[in-house]
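Since every read-out is calculated from the coordinates, none of them should be taken as a lab result. Note that the structure is a prediction, hence the values are computed from the model and not measured. Cβ: placed from backbone, ideal geometry, glycine included. Neighbour counts: every protein chain shown.
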């Protein structure tokens, strides 16, 4: 009885692994060269209206959003030192 169960388990695993190679997907994509245009964008931390005493939440949001936009390759982030106005005091 034990050997039948072992043979059945081995047979099921062999069938499952045999069909796994058939289910492999082919991933294709296009690579756009350096000629593609990136759009300039400014990302500032959210204005602290008192709900976050240290202002860390707004800064973290801006950091994550900036990283995501940068990784997309479609945007060029502007340097915060070049901003005309301070978003916390406006």
> What is the gain in length, in nm to one decimal, between residue 52 and residue 77 on full extension, counting 0.36 nm per residue of separation less the C-alpha to C-alpha distance?
Replying inline: 6.5 nm
> Given labels modelled 7 Å from the Cα in the Cβ direction, how far is it in nm from residue 41 to residue 84?
Replying inline: 2.1 nm
